[in-house]
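Everything below concerns the one structure shown next.
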């Protein structure tokens, strides 16, 4: 099984989880790059990003690896204002994942179930084979690694 872990991460939290999943699974790993500048004063930056996520906005993204070359695609996102990020929404909406096995992960304590439902709707003809929600505080203490191990084992079945 050839697998790809792809994710968007602004602060590095989702990246840490994505890389841990890729290591455990022996998968290729790639970050989705949002071409929109998302820096600036913290409160303003968070408000704008949250508003775009709530509005289900799309953005310009960059990535190199085509999911066409993989049997399993695992897609990760942080949760912004209870929603998936514009970068991941754009990625999922632009890829042909019909008949592909896909799995999702998110980093946040709240909002993951809603995010997973939204992600499933963006890939209606894909075979969703798992999801994993990780609170940010678990990533900071490496407590997420046991959940990653269990998640990867479920994907191998």
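Remarks
- Verdict on residue 46 being at pLDDT 95 or above and surrounded by 12 or more Cβ atoms within 10 Å (Cβ to Cβ): no
- Applying a threshold of 6 Å to beta carbon distances and a minimum spacing of six or more residues, or different chains, the list of pairs starting in the range 7-23 at a residue that is under 24 Å from residue 37 (Cβ atoms) and ending at one that is assigned to a loop (DSSP other than H, G, I, E, B) and at pLDDT 95 or above reads 8/32.
- With respect to the conditions (1) within 13 Å of the chain's Cα centre (by Cα); (2) at negative phi, residue 101 falls short on a single one, namely (1).
- When residue 79 is tested against (1) surrounded by 15 or more Cβ atoms within 10 Å (Cβ to Cβ); (2) at pLDDT 95 or above, exactly one condition is not met: (2).
- Strands (runs of 3 or more DSSP E) contained entirely in the range 58-141, each with at least 3 residues that are in contact (Cβ under 8 Å) with a residue 40 or more places away in the chain, farther than 14 Å from residue 14 by Cβ and touching a helix residue (DSSP H, G or I) at 6+ places or on another chain (Cβ under 7 Å): none
- Residue check, residue 149 in a loop (DSSP other than H, G, I, E, B) and either within 18 Å of residue 22 (Cα to Cα) or more than 12 Å from the chain's Cα centre (by Cα) (or both): no
- Of all residues in the range 106-115, those being over 19 Å from residue 20 (Cβ atoms) and modelled with pLDDT of 95 or more number 0.
- Test result for residue 154, buried (at least 18 other Cβ atoms within 10 Å of the Cβ), in contact (Cβ under 8 Å) with a residue 24 or more places away in the chain and either touching a helix residue (DSSP H, G or I) at 6+ places or on another chain (Cβ under 9 Å) or assigned to a helix (DSSP H, G or I) (or both): no
The values are calculated or read from the model by the stated rules, or taken from the named source; none is laboratory data. A quick note: this is a predicted structure, and the numbers were derived from the prediction, not measured. Ideal geometry is used to build each Cβ from the backbone, glycine not excepted, and the neighbour counts take in all protein chains shown.
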